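Undergrad: Provided herewith is a single structure, encoded as structure tokens, for subsequent inquiry.
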Amino acid sequence: MRADPPRGLRLEESGDHLGLVSAPECTAVLERHLRPPKVEPLSQAALETLSIVAYEQPVTRADIRGIRGVDGDAVVETLLARGLIAEDPRFGGRGRPTFLVTTPIFLRSMGLASLAELPPRPAPAR
């Protein structure tokens with residue numbers, strides 16, 4: 001093993017322990033593959049939908065559609081995939097609409113400890 005280690009690996013001795021570690025020449029490749037993917041910022045539509053869920057929760061997709069005036073199913077799916085909103089199991093069920101709520105990931109990403117820390121809801125435009 002010492003004479004001919006597998007490609008990209010190195011045998012490392014530390015006291016009476018042996019370890020198989022990545023070779024220094026592989027650092028750039030490993031860092032590129034282990035770096036977390038860049039997250040795209042949320043679109044304006046996603047931010048609007050997220051604010052509706054935050055202030056109106058629990059809320060259905062139909063409620064969101066009624067408030068925004070456009071179909072937001074794709075945006076809701078994006079927010080679900082990112083873990084910012086979730087389906088609330090306390091509501092809904094067979095034959096009932098799914099209710100959406102914000103998640104702890106939403107709170108962390110917004111720097112909030114609880115929903116009570118949300119800024120006051122803006123007054124509706126007249």
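Undergrad: List every residue pair whose Cβ atoms lie under 8 Å apart, where the two residues are 6 or more positions apart in sequence or sit on different chains, the first residue falls within region 64-77 and is of a type outside the set (Val, Ile, Thr), and the second residue, located anywhere, is open to solvent by 90 Å² or more (accessible area, probe 1.4 Å) and assigned to a loop (DSSP other than H, G, I, E, B).
TA: From residues that are of a type outside the set (Val, Ile, Thr), the pairs are ARG65/ASP71.
Undergrad: Please give the helices (runs of 4 or more DSSP H) falling wholly within region 20-126 in which 3 or more residues are modelled with pLDDT of 85 or more.
TA: Output list reads 44-56, 61-68, 73-81, 104-110.
Undergrad: Okay, moving on. Kindly indicate which of SER43, SER51 is touching a residue at least 12 places away in the same chain (Cβ under 8 Å) and open to solvent by less than 70 Å² (accessible area, probe 1.4 Å).
TA: Values: SER51 fails: touching a residue at least 12 places away in the same chain (Cβ under 8 Å).
Going through SER43, SER51 in turn, just one is touching a residue at least 12 places away in the same chain (Cβ under 8 Å) and open to solvent by less than 70 Å² (accessible area, probe 1.4 Å): SER43.
Undergrad: Quickly run through region 59-100 and pick out the residues that are hydrophobic (A, V, I, L, M, F, W, C), open to solvent by 60 Å² or more (accessible area, probe 1.4 Å) and under 19 Å from the mean Cα position of the chain (by Cα).
TA: ALA74, ALA81, listed by residue number.
Undergrad: For region 101-126, which residues satisfy the criterion of being more than 15 Å from the chain's Cα centre (by Cα) and either surrounded by 10 or more Cβ atoms within 10 Å (Cβ to Cβ) or farther than 13 Å from TYR55 by Cβ (or both)?
TA: LEU112, ALA113, SER114, LEU115, GLU117, LEU118, ARG121, ALA125, ARG126
The values are calculated or read from the model by the stated rules, or taken from the named source; none is laboratory data. Keep in mind that this is a model prediction, so the values were computed, not measured. Glycine gets a Cβ as well: all are built from the backbone with ideal geometry, and neighbour counts include every protein chain shown. Calculation scope for accessible area: heavy atoms of the full protein, side chains included, ligands and nucleic acids excluded. Shrake-Rupley method; radii C 1.70, N 1.55, O 1.52, S 1.80 Å.
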